[in-house]
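Structure first, then comments.
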Amino acid sequence: TEVAVTKKPRVGILSSGDEIIHPENQPLPGQVRDINSYTLAAVVEQVGGEAIHYGIIPDTYAKVLETAKRAYSECDVVVITAGSSVSVRDLTATVIDELGQPGVLVHGVNISPGKPTILGVCDGKPVIGLPGNPVSALVNVEIFVAPVVKKLLGEKLDQPKPSVYAKLLVNLASESGRVEWVPVQILPSEDGWVADPVFGKSNLIFTLARADGLVRIDPDATGLSAGELVEVVLF
């Protein structure tokens with residue numbers, strides 16, 4: 001006759017970058033349309049959170065800090081996406097340190113794509129800095145932000161994710177010592193499903209649009225062989 005409920009965690013999403021414009025605008029040379037605000041919000045809402053957009057912020061310390069403080073005061077989690085240059089990463093890290101103690105816990109993770117990811121806790125509130133490249137941002141919002149939202153909802157984190165097993169169509173090389181996630185298409189064949197990698201850099205949106213899911217390459221591997229059965233974690 002009664003069920004336990006919880007309020008949806010509010011996740012503030014900030015997009016930082018002088019080159020970022022709204023999707024309905026026509027890009028000029030050197031400009032790109034905002035995609036991260038929408039992909040990150042979709043993941044947050046998929047796992048039960050409420051995404052709060054704080055717009056596109058110029059790459060200045062004062063503006064990023066001002067907006068981050070507002071998001072911090074209004075939300076349960078703050079996510080900042082920025083460009084992948086060293087100077088921008090330092091700006092994001094400095095802003096996170098200003099929001100509360102202890103601030104930045106991890107500055108860079110051993111994963112590809114998404115090495116520039118920043119993980120922080122500010123007076124008990126999670127604050128996460130994600131790379132600006134859209135593939136990196138989407139991979140790492142699944143790995144780091146989605147579990148935080150689920151934890152705030154009181155969910156168990158060891159639940160299985162939707163996946164399918166498929167034979168790898170081509171050889172995949174990998175750098176030993178780091179976890180690598182590779183976008184793949186799932187295609188039918190006479191022998192069942194095959195996984196066809198979608199090659200492209202992490203700043204190219206088409207790698208997300210064409211892919212059905214991701215294949216994980218473990219850090220102790222130097223790659224995967226064609227014909228090998230792999231697990232594809234579905235989007």
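Details
- Taking the conditions (1) over 18 Å from the mean Cα position of the chain (by Cα); (2) surrounded by 16 or more Cβ atoms within 10 Å (Cβ to Cβ) in turn, VAL44 satisfies each one other than (1).
- Residue count, the range 131-154 (criterion: out of contact with any helix residue (DSSP H, G or I) (no Cβ under 8 Å at 6 or more places or on another chain), of a type outside the set (Phe, Trp, Tyr), open to solvent by 20 Å² or more (accessible area, probe 1.4 Å) and in contact (Cβ under 8 Å) with a residue 12 or more places away in the chain): 7
- Matching option when the condition is at pLDDT 95 or above, of a type in the set (Val, Ile, Thr) and not in a helix (DSSP H, G or I), among VAL44, VAL109, VAL5, VAL79: VAL79
- Any hit, the range 164-186, residues being farther than 21 Å from THR117 by Cα, open to solvent by 60 Å² or more (accessible area, probe 1.4 Å), of a type in the set (Lys, Arg) and under 19 Å from the mean Cα position of the chain (by Cα): no
- Options GLY192, GLY213, GLY227, GLY154; residue that is within 17 Å of the chain's Cα centre (by Cα), at pLDDT 90 or above and farther than 20 Å from ILE80 by Cα: GLY213
- TYR61 being aromatic (Phe, Trp, Tyr) and within 19 Å of ILE96 (Cβ to Cβ): yes
- Residues in the range 106-130 that are under 23 Å from ARG10 (Cβ atoms) and open to solvent by less than 20 Å² (accessible area, probe 1.4 Å) were compared, and the one that is nearest to the chain's Cα centre (by Cα) is LEU130.
- Among the residues of the range 8-22, those that are at pLDDT 90 or above and surrounded by fewer than 20 Cβ atoms within 10 Å (Cβ to Cβ) comprise LYS8, ARG10, ILE21, HIS22.
Residue-wise test of (1) within 24 Å of TYR38 (Cα to Cα); (2) touching a Ser or Thr at 6+ places or on another chain (Cβ under 8 Å).
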position: GLY129; (1), (2): yes, yes
position: SER136; (1), (2): yes, yes
position: ALA146; (1), (2): yes, no
position: VAL170; (1), (2): no, no
position: GLU175; (1), (2): no, yes
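- Restricting the first member to the range 42-66 and to residues that are closer than 18 Å to PRO134 by Cβ and touching a residue at least 60 places away in the same chain (Cβ under 8 Å), and the second to residues that are hydrophobic (A, V, I, L, M, F, W, C) and open to solvent by 20 Å² or more (accessible area, probe 1.4 Å), the beta-carbon pairs closer than 8 Å and six or more apart or on different chains are VAL43/LEU138.
The values are calculated or read from the model by the stated rules, or taken from the named source; none is laboratory data. Just so it is clear, the structure is predicted and the values come from calculations on it, not from any experiment. Here Cβ is always computed from backbone atoms with ideal geometry, including for glycine, and neighbour counts include all displayed protein chains. Note: areas computed on protein heavy atoms with side chains; ligands, DNA, RNA excluded. Shrake-Rupley method; radii C 1.70, N 1.55, O 1.52, S 1.80 Å.
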